[in-house]
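Enquirer: Provided herewith is a single structure, encoded as structure tokens, for subsequent inquiry.
No value in this document is a laboratory result; all are computed from the given coordinates. Since the model is a prediction, treat every value here as computed from it, not as a measurement. Neighbour counts run over all protein chains shown; Cβ positions are idealised from the backbone, glycine included.
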Amino acid sequence: MSLLQVKNLRVEFPTRRGTLVALDDVSFDIAPGEVLGVVGESGAGKSMTGAAIIGLLEPPGRIASGQILLEGRRIDNLPYEQMRQIRGRQIGAIFQDPLTTLNPLYTIGRQLVETMTTHLPIGPGEAREKAIGWLELVGIPAARERIDSYPHEFSGGMRQRVVIALALCAEPKLIVADEPTTALDVSIQAQVIAMLKTLAREKGTAMMLVTHDMGVIAETADRVAVMYAGRIGEIGPVREVVRHARHPYSQGLMGSIPPLDRRVERLQQIDGAMPRLTAIPQGCAYNPRCPEVFERCRVERPELLDAGTTRAACWLYAEGAGHV
Amino acid sequence: MSDRPGASEGVNQPRCHAADTPMLSAQDVARHFDVSKPLIQRIVSREGKRTLRAVDGLSFDIAKGTTLSLVGESGCGKSTVARLVVGLYGTTRGRVMFDGQDLSLARADSKQRSRMQMIFQDPYASLNPRWRVVDIVAEPIRAFGLMSDRQAILTRVGELLSQVGLSPLDGQKYPHEFSGGQRQRISIARALSSNPEFLVCDEPTSALDVSVQAQILNLMKELQTRLGLTYLFISHNLAVVRQVSDRIGVMYLGKLVELSPAETLFSAPSHPYTRALMEAIPDLEMTGRQRIPVGGEVPSPISPPPGCTFHPRCPLANARCKAEVPVMKPAGGAMVACHAVEEGRATL
Amino acid sequence: MKAFFDSDIWWSFTRSPVTVISAIVAFICIAGAVLAPVLAPHNPFDLASLQLMDAFKPPVWQAEGDRAYPLGTDDQGRDMLSAIMYGARVSLLVGFAAVVFSTLVGVTVGLLAGYLGGKVDALLMRIADIQLTFPSILVALLIDGVVRAALPRETHSEVALFVVIFAIGISNWPQFARTVRGSTLVERNKEYVQAARVIGLSPLRIMRSHVLPNVMSPVLVIATLNLGFAILAEATLSFLGVGVPPTQPSLGTLIRIGNDFLFSGEWWITIFPGIALIVMVLSVNLLGDWLRDALNPRLR
């Protein structure tokens, strides 16, 4: 059974100019222990999806329709208190900026201990020992001494490791990570990703990894969903989406990533820009920029269709369209 | 090769304007910042002064019409170099030569100043939000007195906007009406309006989405070919740098550790830090290579390690590395500052 | 024009009944004051038109009230309504002028301190700090006293108005300077300022054409809120007798004059100018509050 099921999720923002649809009929599953990457460019809705799942949508944003189920139970319509229990115990979160995630006024030890005693049936003494264990696990040197340090006494990469420890220490089943390594240098990024991956495997924690960096996804994820204008364009095993993307947008996206292993005279580019949420075209949201557009694309919005090894929301893969 | 409307010929050229004078030459350039605590606090806690050595002895040349890229992680000083090279900061030591003339002299001369321009990283902060696009792009034209007729200026701005892929009508709008990629195009149009020959690009695509980045990089390459521009390109992204550079300099804690032609750097990186950087980049092609991420973190530039600043993280460090600062020496088509390379200990 | 009525600011304005009412009230006050010579039923300062016989008439709704003097008259037969309108005129004039003066000095100092930094910044901000340790009314009193002592008695009346404006203005500029300095520090490091420096523009030109437009919105808010304060400051000074000259009474002067009669039963001579003052200052302050929230990018 899936650990997390998102069904037809629709997130809206009422504004004075009308209702903005930030997520439009988004559906996907995450199996236990699986890492799902969610990629997209700015404004595609990937962070919004993560926020909706954790229950941290900024008002006036709200879930207009659809369901989010954790282990078969709905969590999108829970009252604040119940959601708060689930956050931390069942779902952990890692955000981009460790400086704002960690409370600068408390030592990291206290934050770890507090999290564990809140969510696990253990006392402060045991929690402290576990906290030291976690710090060692995430690679903080001299953990026993440093557990009583404050966040500002650590460097950026170390802080993010502490944040990861914080997210994992209550032993959640799912972690939602929003751009966890974007603010870090490349060499630190590599260390942190490797650690995240190992820990997730060892503890059997599922992860939803939201990022715009395809390289991180390629290294870490099992499956990936490509988002565009609040919808999922393509979803499938990471190898397939990266190497043999089916959806024209995914193809364009993968193509425009500058290759490290050779120099090209001209990078593949997609003309135009992602539409603003106030001006999403009718039919397929990508149709104005798509090199393979035809009539149906402009009129009808495609669902996720079977495109061989992935699923793509593209009329090229409709039954009988003769495309594989 | 050059195709720059409005450029005037042979006016007030500096002394050595030979075709092979480098466009830009940095000679043992250093920039230190005093980050000491306020005087009273220092007296009370008996601390000495603290100096941040953002750039500490950099030397490189950029030949005309080529692109030199500087790569490095945060804190390596590459942004400081960008600002030193256009005169936004003065040098603590060493000098910068612009087309054979000392930079401070060049900056004092309006004609020389118009030949150098800069593009910045943040598309949201690089355009004055209260100005219309046409005024933003026309500002260099007006500041350097290149044209005075209002209609001529408007026409020229329209041409520039078209050149960067926007519409001349966009001149009437305000920056907030444009996306990040479009704003970066406006920045490029502004930089081109004084008919420069040398452009410093400080992480121009780092804040952009990957598909927009591709558009901007293609645009910049095209402009370089068409207008004969020389670029100093600053970035932290090696893959991007590979696509645009003729030569690449790798920086670490304010110093150059390796300087080589682009293809040499990628086919045969010499310095351990360069190799570590290459290893650290996430593998899109998933060739399944085993990655050994470099350990440790970048030390603070206020109190760098003695000797070679990379030694605490270097797998090849020996006693000499801990004591003696390496200098740039030729090694297989590149310039490398590494004892291990010099001693032949660094095999690929 | 259409863009203005379409904008978020207009929308938030119309959404808030308090603000709309304050705006209307403020407009009425200001219109009444500015157009006093045209709108006022009498000219209370035209000595020829005064009727001593009409002195101490109560407001129209009381027993001995007279329709010609809706809010009653004072001890010299001056119509209170007209006196209030003319008085408000003086109060507003002094208030506006003082705020304009504070703004000019404060914004200039703030820009210079924020942009140039270093010793200039340290010096200017220390001056501002020193000034802030003195309560503004005290500063105003001090300046007023010094000027009176320095100048011969005959010129007092002529310069009194300017002295009051100067005194109130000079006591308020640090507030502007600090805010503008803060905003300038932020803007100075932005890339568009660096782009202007790369071109080689002079610091003065950059401050004026690039930085200034971007630091003005908090200034607008402070200026509006300061208007209320400046009017009150002037009223206080005039009440104490060291403000505007007696030939151009402001609301404060009227309150002072009327104060003597408060306990002998002619309450209207001081109460009505008092109410007018409160209403004017309150509506301006409420407008200022709304403006501050409307212009705050975080709340939008």
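Enquirer: Given the pairs B:LYS49/B:LYS329; A:LYS173/A:LYS197; B:LYS255/B:LYS329; A:LYS197/B:LYS78; B:LYS78/B:LYS111; A:LYS46/A:LYS173, which are separated by over 22 angstrom at their Cα positions?
Expert: B:LYS49/B:LYS329; A:LYS197/B:LYS78; B:LYS78/B:LYS111
Enquirer: Could you order peptides C:179-190, B:78-89 by the average number of other Cβ atoms within 10 Å of their residues, highest first?
Expert: B:78-89, C:179-190
Enquirer: Separate question: Charges only on Cβ, +1 for Lys and Arg, -1 for Asp and Glu: so what's the dipole of segment C:214-300 about the Cα centre, in debye to the nearest 20?
Expert: Here the size comes out at about 360 debye.
Enquirer: Under DSSP H, which helices of chain C have Cα atoms covering 20 Å or more of the helix axis and a Kyte-Doolittle average no less than -1.0?
Expert: Correct list, ordered by number: C:17-34, C:80-116, C:118-132, C:136-150, C:156-188, C:212-240, C:268-295.
Enquirer: Just check segment C:78-299 against the gyration tensor rule for me: Cα atoms, a ≥ b ≥ c as the square roots of the eigenvalues, rounded for a/c under 1.5, and otherwise prolate or oblate depending on whether a/b exceeds b/c.
Expert: Prolate, because a/c is 1.5 or more and a/b exceeds b/c.
Enquirer: Going highest first, how would you order C:145-155, C:209-219, B:150-160, C:80-90 by mean Cβ packing within 10 Å?
Expert: C:80-90, C:209-219, B:150-160, C:145-155
Enquirer: Which whole-number percentage describes the relative contact order of segment C:78-299, with Cα contacts under 8 Å and a sequence gap of 6 or more?
Expert: Here the relative contact order equals 29 percent.
Enquirer: Which of the DSSP-defined H helices in chain A satisfy a minimum axial length of 18 Å, computed from C-alpha atoms, and a minimum mean Kyte-Doolittle hydropathy of -1.0?
Expert: Helices passing the filter in chain A: A:124-137, A:156-169, A:186-203.
Enquirer: State the Cα centre-to-centre distance between segment A:32-56 and segment C:196-262 in whole Å.
Expert: 51
Enquirer: To make sure I understand, if each residue's beta carbon is the centre and we count other beta carbons within 10 Å, what order do B:PHE120, B:PHE266 fall in, fewest to most?
Expert: Going from sparsest to densest Cβ surroundings: B:PHE266, B:PHE120.
Enquirer: Over the Cα atoms of the protein assembly as shown, how large are the radius of gyration and the largest Cα-Cα distance (Dmax), in Å?
Expert: 34.6, 115
Enquirer: What is the distance in Å between the Cα centres of segment A:232-255 and segment B:226-276?
Expert: Spelled out, the Cα-based centre of one part sits 30 Å from the other.
Enquirer: Residue by residue through B:114-124, how many Cβ atoms from other chains fall within 10 Å of the Cβ on average?
Expert: Per residue, the number of nearby Cβ atoms from other chains is 3 on average.
Enquirer: When Cβ neighbours within 10 Å are restricted to other protein chains, what is their mean count per residue of peptide B:239-248?
Expert: 3
Enquirer: Can you work out the Karplus-derived ³J(HN,Hα) for every residue in segment B:133-145? Use 6.51 cos²θ - 1.76 cosθ + 1.60 with θ = phi - 60°, whole Hz, and x for glycine or proline.
Expert: 4, 4, 6, 4, 5, 7, 3, x, 4, 5, 5, 8, x
Enquirer: Another one. Cut-off is 10 Å between beta-carbons; in what order do B:MET328, B:MET23 appear when sorted fewest neighbours first?
Expert: Placing the least packed residue first, the sequence is B:MET328, B:MET23.
Enquirer: Still on this structure, please answer the following. Report the net charge of residues surrounding C:GLN248, where surrounding means a beta-carbon distance below 15 angstrom and charges are Lys +1, Arg +1, Asp -1, Glu -1.
Expert: Result for the neighbourhood of C:GLN248: 0.
Enquirer: Given points 7 Å out from each Cα along the Cα-Cβ axis, report the B:ASP28 to A:ASP306 separation in nanometres with one decimal.
Expert: 7.3
Enquirer: Taking chain A as a Gaussian network, Cα atoms linked when under 10 Å apart, which of A:LEU174, A:LEU23, A:LEU120 shows the biggest mean-square fluctuation?
Expert: A:LEU120
Enquirer: Please give every one of the aspartates and glutamates within straight-line cross-link reach of C:LYS57, meaning a C-alpha to C-alpha distance under 15 Å, and leave out same-chain neighbours fewer than 8 residues apart.
Expert: C:LYS57 reaches C:ASP66, C:ASP74, C:ASP75, C:ASP79, C:GLU266.
Enquirer: A further question on this structure: What is chain A by shape, rounded, prolate or oblate, if you read a ≥ b ≥ c off the alpha carbon gyration tensor as root eigenvalues and call it rounded for a/c under 1.5, prolate for a/b larger than b/c, and oblate otherwise?
Expert: It comes out prolate by the Cα gyration axes.
Enquirer: Taking 25 Å as R0, compute the FRET efficiency from the Cβ-Cβ separation of C:SER49 and C:ILE24 and round it to 0.05.
Expert: After rounding to 0.05, the efficiency reads 0.20.
Enquirer: For the residues A:LYS46, B:LYS329, what sequence is obtained by ranking on other C-beta atoms within 10 Å, fewest first?
Expert: B:LYS329, A:LYS46
Enquirer: Just to confirm a number: summing +1 for Lys and Arg and -1 for Asp and Glu over residues other than A:ARG301 whose beta-carbon lies under 9 angstrom from that of A:ARG301, what do you get?
Expert: Net charge in that neighbourhood comes out at -3.
Enquirer: Between C:TRP11 and B:ASP61, what is the label-to-label distance in nm when each label sits 7 Å out along the Cα-to-Cβ direction?
Expert: With each label placed 7 Å out from Cα toward Cβ, I get 6.0 nm.
Enquirer: Further question on the same structure: Across peptide A:263-274, how many C-beta atoms of other chains are within 10 Å of each residue C-beta, on average?
Expert: For this peptide, the per-residue mean of nearby foreign Cβ atoms is 6.
Enquirer: Next up: What does the charge dipole of chain C about its Cα centre add up to, to the nearest 20 debye, if the Cβ of each Lys and Arg holds +1 and the Cβ of each Asp and Glu holds -1?
Expert: For chain C, the charge dipole is close to 1480 debye.
Enquirer: Run the reach check for B:LYS64 against aspartates and glutamates, Cα to Cα strictly under 13 Å, same-chain hits fewer than 8 apart removed. What comes back?
Expert: B:ASP20, B:ASP99, B:GLU197, B:ASP246
Enquirer: Using a 7 Å offset from the Cα along the Cα-to-Cβ direction at both C:ARG126 and C:LEU39, what is the distance between the two label points in nm, to one decimal?
Expert: Inter-label distance under the simple model: 5.0 nm.
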